[in-house]
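The values are calculated or read from the model by the stated rules, or taken from the named source; none is laboratory data. As the structure is a prediction and not an experimental result, all values here were calculated from the model. FYI the Cβ positions are ideal-geometry reconstructions off the backbone, even for glycines, and counts take in every protein chain you see. SASA here: full protein model, heavy atoms, side chains in, ligands and nucleic acids out. Shrake-Rupley method; radii C 1.70, N 1.55, O 1.52, S 1.80 Å.
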Amino acid sequence: MDHPLIDLINTRIEAAERDGAFDNLEGAGRPLPACDDPAGSVMTRMLKDNGAVPEVVALTRDLARLRDTLRDTADRSERVGLIREIALLETRLEIAKKRG
């Protein structure tokens with residue numbers, strides 16, 4: 001089954017081609033770079049270009065930030081909340097590591 005908007009999409013692409021929107025694109029006429037994983041390469045590049053990082057990396061960064069905050073916090077009730085957050089993130093990190 002086609003996407004419900006496929007006709008609109010195709011119409012817009014055809015109009016852009018007629019208007020020259022695809023003329024003189026960077027890299028035109030040159031071969032595409034070699035790729036070991038063509039199926040995942042587009043997604044990987046999009047994630048990288050938009051600053052996405054693996055969950056383990058993001059959780060590790062968040063833990064470091066919370067630990068720094070805890071170190072600089074004197075208020076007892078704030079420290080209790082931070083310790084809870086740290087414990088939760090440590091659990092999430094362990095789960096993320098097991099998922100691989």
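Taking the centroid of alpha carbons for each part, the range 71-91 and the range 2-50 are 46 Å apart. Computed with a 1.4 Å probe over protein heavy atoms only, the accessible surface of the chain comes to 88 Å² per residue. A simple spin-label model places pseudo-atoms 7 Å from Cα toward Cβ; at Leu88 and Leu25 they are separated by 4.4 nm.
Once neighbouring chains are kept in place and the probe is 1.4 Å, which whole percent of the accessible area of the chain is contributed by carbon and sulfur?
Numbers: 4820 of 8840 Å².
About 55 percent, which is the carbon plus sulfur part of the accessible surface.
Highest mobility in the GNM of the chain, judged by mean-square fluctuation with C-alpha springs under 10 Å and restricted to Asp75, Asp37, Asp19, is found for Asp19. Proximity of backbone amide H atoms, modeled 1.01 Å from N, is registered between Thr73 and no other residue at under 5 Å, excluding neighbours fewer than 5 places apart on the same chain. With each label modelled as a point 7 angstrom along the Cα→C-beta vector, the Asp7-Val42 pair spans 2.4 nm.
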